[in-house]
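Right, one structure below, let's go through it.
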């Protein structure tokens, strides 16, 4: 099951390469990625299937994993495509109306949405009924 890893990188040239090469050289595929740089440092979220392999690879490159988060990863969406206006809004509205808070969201490879909520189990059931 895929999980989101949070790492912190310096906001400088080559840091993304260091992260990507460490994972790639260890055979760990990056399924999704979101990076936000602010104040000279960056919070980087990486979606991976091989959490142990990713953690070992990053540690070997001197990159500490700050957090591992259970996430909901939608199936690849042929229709309705997440790249269609209103699809994410509908998902977010359904979760909000159910009282479920979204704490993390980004789009991953193969047209998938990655979500972390305060109730992943209920959110999964609700979103599955929409697909």
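Structure notes:
- So residue 116, is it in contact with a strand residue (DSSP E or B) (Cβ under 6 Å, 6 or more places away or on another chain) and under 25 Å from residue 5 (Cβ atoms): yes
- Taking the criterion of being surrounded by fewer than 15 Cβ atoms within 10 Å (Cβ to Cβ) and either at pLDDT 90 or above or farther than 23 Å from residue 44 by Cα (or both), the residues of segment 110-123 that qualify are 118, 119, 121, 122.
- When each of 17, 43, 52 is tested for being surrounded by 14 or more Cβ atoms within 10 Å (Cβ to Cβ) and either in contact with a strand residue (DSSP E or B) (Cβ under 6 Å, 6 or more places away or on another chain) or over 19 Å from residue 106 (Cα atoms) (or both), the lone residue that passes is 43.
- Criterion: at negative phi and in the same structural domain as residue 7 (by TED's automatic domain parsing) - qualifying residue of 114, 65, 87, 107: 65
- Among (1) touching a residue at least 12 places away in the same chain (Cβ under 8 Å); (2) in a helix (DSSP H, G or I), the one test that residue 17 misses: (1)
- Of all residues in segment 55-89 being modelled with pLDDT of 90 or more, out of contact with any helix residue (DSSP H, G or I) (no Cβ under 7 Å at 6 or more places or on another chain) and closer than 30 Å to residue 127 by Cα, the one that is surrounded by the most Cβ atoms within 10 Å (Cβ to Cβ): 71
- Looking only at segment 20-40, and only at residues there that are out of contact with any strand residue (DSSP E or B) (no Cβ under 7 Å at 6 or more places or on another chain) and not in a loop (DSSP other than H, G, I, E, B), the one that is surrounded by the most Cβ atoms within 10 Å (Cβ to Cβ): 23
The values are calculated or read from the model by the stated rules, or taken from the named source; none is laboratory data. Bear in mind that the values here come from a model prediction, so they are computed numbers and not experimental data. Reconstructed Cβ throughout: ideal geometry from the backbone, glycine too, with neighbour counts over all protein chains shown.
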